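Notes follow the structure.
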Amino acid sequence: MAELRLFIAVPVPGPVKQALADAQQMIGRANPHVRLTALPGIHLTLKFLGDADERKIPDIRRAMEAAAATVAAPIHLAVREVGAFPDLRAPRVLWAGLEADVKPLGILMRKLDKELSALGFAPEKRGFHPHLTLGRMKQPKMLGALHKVYEQLAGRDFGEFTAEALVLYRSELRPEGAVYTSIERVVLPVD
């Protein structure tokens with residue numbers, strides 16, 4: 001029985017990632033204390049499962065299929081604005097926000113959470129704030145420089161995309177950063 005570190009996410013297409021990479025470069029030049037997310041690792045996380053027995057993968061796929069079946073129309077998303085959790089005074093996670101069909105995305109996430117809770121995964125306690133992680137900070141340092149970059153990025157449009165699939169990823173933590181491997185893919189409605 002192998003334990004795998006798993007999460008479910010919506011992949012982000014290349015053109016949007018490239019636009020975000022430009023923003024990341026600006027952030028990285030302004031503040032070397034930010035650990036930027038590698039471009040292949042940018043995705044829209046819907047549910048972090050943590051360490052799970054690999055024998056649960058078929059059940060997880062069925063939960064993903066049940067959640068995807070509730071989606072009646074394509075979910076179109078626009079990537080705009082930048083922000084930070086918990087906030088810009090003490091940033092830990094730097095992100096780009098999502099707009100457009102956020103309500104159906106939230107419904108999908110809640111259905112997925114409900115299906116996975118029935119399998120023994122802890123239900124999500126935090127409110128749903130759809131975002132793409134640009135980077136992380138362990139210690140908030142050089143915030144003045146970061147704030148200046150955020151002012152330059154205010155109102156920036158990073159592109160649009162349609163949520164095409166739910167993907168179950170395996171996350172392997174390595175010294176050079178996390179490596180994500182797709183394990184299962186469930187298609188969502190598209191135009």
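Taking the residues in the range 145-191 that are on the phi > 0 side of the Ramachandran plot and part of a loop (DSSP other than H, G, I, E, B) as candidates, determine which candidate is surrounded by the fewest Cβ atoms within 10 Å (Cβ to Cβ). That would be 155.
Each row is one residue, and each column tells you yes or no for (1) surrounded by 14 or more Cβ atoms within 10 Å (Cβ to Cβ); (2) without any contact (Cβ under 8 Å) to a residue 60 or more places away in the chain; (3) of a type in the set (A, V, I, L, M, F, W, C).
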residue: 5; (1), (2), (3): yes, no, no
residue: 22; (1), (2), (3): no, yes, no
residue: 42; (1), (2), (3): yes, no, yes
residue: 46; (1), (2), (3): yes, no, yes
residue: 52; (1), (2), (3): yes, no, yes
residue: 64; (1), (2), (3): yes, no, yes
residue: 74; (1), (2), (3): yes, no, no
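For residue 11, the conditions (1) closer than 22 Å to residue 127 by Cα; (2) surrounded by fewer than 16 Cβ atoms within 10 Å (Cβ to Cβ); (3) not basic (Lys, Arg) are fulfilled apart from (2). Counting only residues that are under 16 Å from residue 51 (Cβ atoms) and of a type outside the set (S, T, N, Q), the range 163-173 holds 5 of them. Which of the numbered conditions does residue 184 fail, given that it passes all the others? Conditions: (1) modelled with pLDDT under 95; (2) touching a strand residue (DSSP E or B) at 6+ places or on another chain (Cβ under 7 Å). Of the numbered conditions (1) modelled with pLDDT under 95; (2) touching a strand residue (DSSP E or B) at 6+ places or on another chain (Cβ under 7 Å), the odd one out for residue 184 is (1). One residue stands out in the range 1-20 among those that are in a helix (DSSP H, G or I) and more than 15 Å from the chain's Cα centre (by Cα): the one that is nearest to residue 80 (Cα to Cα), namely 19. Within the range 106-121, restricting attention to residues that are hydrophobic (A, V, I, L, M, F, W, C) and open to solvent by 70 Å² or more (accessible area, probe 1.4 Å), the residue that is farthest from the chain's Cα centre (by Cα) is 118.
The residues of the range 81-105 that are among the hydrophobic types (A, V, I, L, M, F, W, C) and open to solvent by less than 50 Å² (accessible area, probe 1.4 Å), listed by number, are 82, 84, 90, 93, 94, 95, 96, 98, 102, 105.
The values are calculated or read from the model by the stated rules, or taken from the named source; none is laboratory data. Fair warning: this is a prediction, and the values are worked out from it, not measured in the lab. Don't worry about glycine lacking a Cβ; one is built from the backbone with ideal geometry, like all the others, and counts go over all protein chains shown. Calculation scope for accessible area: heavy atoms of the full protein, side chains included, ligands and nucleic acids excluded. Shrake-Rupley method; radii C 1.70, N 1.55, O 1.52, S 1.80 Å.
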